[in-house]
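Remarks on the structure that follows.
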Amino acid sequence: MSATKAARVGEDVWKTRIDKVNAELVTLTYGSIVAQLCRDFEGDYLEVNKQLEKMGYNIGLRLIEDFLAKTNMGKCANFRETAETIAKVGFKVFLNITPTVTNWTTDNKQFSLIFEENPLADFVELPDDGRAQNELWYSNMLCGVLRGALEMVQMQVDAHFVGDILRGNEVTEMRVTLVRIIDDELPPGED
Amino acid sequence: MVILSILILNKAGGLIFQRDFNEGLKKLSSNDYLVLAGTFHGVHAITSRISPVRDSGGGLEVLESDRFRMQCFQTLTGTKFLIFAEPNQPNIDVVVKRVYELYADYVMKNPFYQIEMPIRCEAFERNLVAYIKPKQ
Amino acid sequence: MTIYSFYIFDRHCECIYVKQWHQRDRSFRPTSSASTVDSPVTLSSDQRSSTSSKLQNDVHPTGRGGRLSVQDDAKLVFGVVFSLRNMVRKLSGPDDSFISYRTGSYKLHYYETATNLKFVLLTDVKMNNLKVVLHQIYVNLYVEFVTKNPLSPIEHPGGEGVAVELFEMGLDSFIVNLRPHPPLRRIQTNLVLNREQYRIDIKVS
């Protein structure tokens, strides 16, 4: 579907079919998760990134069903359509933001999502211990969510942040790569 | 009347006749059609097995999808006629009956046709095309 | 207008939910054919679960008159549905989807989500196309009560299956209400009531 149609679907679903919750509650809850993880792993920010990604993966596995149920969408024809759907419908429906899709590679298998606003990171400042600024990706749960959700619709992707305003970069940017399309599983014993 | 294609399967599930009449289904190789026929034969047998009603009367008769509707007529001799048509096509039963009549005439009554072998009867095809696509 | 049974298969070709009604000829079913709703038969090969041991006590591998066990039935249904769906895709392209088929004695309705979750309903031959119903079951029951329940698994490696009471209650009332065609709105009300009892919705403007 085209970008405008995706935007319209996203806006429509957001207005009519989504229960709303207080944004501060979301920000505070996510913040406390990250803070607790940092305490639990005693400053091993790489491990915190991994755990956030894992939690996001489990969320993504379930989120995709809710997404499909609310938006009534079928399969996307190609990866470009998938990217538009994620940006204009997916993020709109769940976080009421619409990141921009850019930086496509020539083989159409990689793109970037640029986040103008990130509700998870409102009012956040990374700790000043010299390492967090270089190692912690605060919103890494979003990468896991994308990975889990897309895996359920037969796409294996790799998603990781390449820039974050919290770390002093110019933009918050996530790079998404299509690793492979997962084939239908056959019943055991069939070839 | 828009019939997309017709397949005939013998008693063992082997494909003995296949012809496309209108656009609508994908063009497959003859090997693909053979495999499809065999698969369908097996599926047909299982559909009568999984019936929740005890005295199940036979297997699959109609298969519906978004783009086509397939009617399967199984004769008492075990031969299956698969008629593929558009989803809203009415009166496929009439077509099925007529095709069976043509089969009984031009195939069965042809002494040189070997039973259960692929159908290569020119008269059968001619009459079939005349019936299905009369303006061609 | 009878509904015979309902199956859910996941993307790993496992049957994760079975529900059967109106099993007149099953030797282990104590209910008469007049009953509308039966106690659910959930599929589980997990030895530790109590529903599984009940299932094994009740199910004879061949049963009377060669009837199949529930698990074998589910496997056959899956095989049929999987083969037909592949056949349809091969014949008319990957966008097409098989909707239903009818035999002389029953009709099978099929709905597959984009996540390769397969919903199958067996009814009598007079039912019209129930793809919409299956979609409703997915959207209003499965997603609400199973996917959003953090304690119910999404992957079922041990064949655990779906065992969420709210889902089963919702499914029962949905199916029972299908038969004399009352407005679907009534079902929605029931579901909302359930949600209010078990969930807190925070609405702040």
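From largest accessible area down, sort B:2, C:77, B:94; use a 1.4 Å probe on the protein chains.
Details: B:2 45, C:77 0, B:94 85 Å².
These residues rank, largest area first, as B:94, B:2, C:77.
For chain B, what Kirkwood radius comes out of the mean inverse Cα-Cα distance, in Å?
Values: mean 1/r = 0.0643 Å⁻¹.
Kirkwood radius, chain B: 15.6 Å.
Roughly what would the spin-label model give for residue A:72 and residue A:102, points 7 Å off Cα along C-beta, in nm?
The answer from the label model is 3.5 nm.
To the nearest 10 Å², what's residue C:78's accessible area with a 1.4 Å probe?
So the heavy atoms of residue C:78 present about 10 Å² to solvent.
For residue C:87, what accessible surface area do you get with a 1.4 Å probe? Give it in Å², rounded to 10.
The accessible area comes out at roughly 10 Å².
Quick one: if you stick a label point 7 Å off each Cα along the C-beta vector at residue A:36 and residue A:180, how many nm between them?
Once both label points are built, they end up 3.7 nm from each other.
Segment B:1-49: percent of C-alpha pairs farther apart than 15 Å? Each step should come with its number before you reach the end.
Details: 570 of 1176 pairs.
Taking all Cα-Cα pairs of segment B:1-49, the fraction more than 15 Å apart is 48 percent.
Largest first, how would A:117, C:112, B:86 line up by accessible area (1.4 Å probe)? Intermediate values should be presented prior to the final figure.
Values: A:117 110, C:112 40, B:86 80 Å².
Descending order: A:117, B:86, C:112.
Based on alpha-carbon centroids, what's the gap between segment C:107-128 and segment A:10-29 in Å, whole number please?
33 Å
If I model a spin label as a point 7 Å beyond the Cα along the Cα-Cβ vector, how far apart are those points for residue A:81 and residue A:26 in nm?
For residue A:81 paired with residue A:26, the spin-label model returns 2.7 nm.
List the lysines whose alpha-carbon lies under 17 Å from that of residue B:27, not counting same-chain residues fewer than 8 positions away?
C:90
Other chains near C:138-146: what is the mean number of their Cβ atoms within 10 Å of each residue's Cβ? Let's see the in-between values first.
Working: counts 3, 6, 1, 0, 2, 8, 3, 0, 2.
That average works out to 3.
Quick check on my link table: of A:75/B:11; A:109/C:118; B:133/C:75, which ones sit more than 31 Å apart, alpha carbon to alpha carbon? Write down the numbers at each step before the final one.
On the way: A:75/B:11 39 Å; A:109/C:118 29 Å; B:133/C:75 42 Å.
Violating the 31 Å Cα-Cα cut-off are A:75/B:11; B:133/C:75.
When the Debye formula is applied to the Cα atoms of segment A:3-181, each taken as the same point scatterer, what base-10 log of I(q)/I(0) results at q = 0.09, 0.12 Å⁻¹?
-0.31, -0.55
Over the whole of A:60-70, what's the average partner chain Cβ count within 10 Å per residue? Rounded to a whole number, please. Walk me through the intermediate numbers first.
Details: counts 0, 5, 8, 2, 6, 13, 5, 3, 8, 11, 2.
Per residue, the number of nearby Cβ atoms from other chains is 6 on average.
For chain B, calculate the relative contact order in percent as a whole number, restricting contacts to Cα pairs under 8 Å that are 6 or more residues apart.
Over chain B, the number comes to 26 percent.
Report the accessible area of residue B:69, computed with a 1.4 Å probe over the heavy atoms of all protein chains in place, in Å² rounded to the nearest 10.
60 Å²
The values are calculated or read from the model by the stated rules, or taken from the named source; none is laboratory data. Bear in mind the structure is a predicted one, so any value in this text is a computation, not a measurement. All Cβ positions, even for glycine, are placed from backbone atoms using ideal geometry, and neighbour counts span all protein chains on display. Quick note on the areas: whole protein, heavy atoms, side chains included, nothing else; ligands and nucleic acids left out. Shrake-Rupley method; radii C 1.70, N 1.55, O 1.52, S 1.80 Å.
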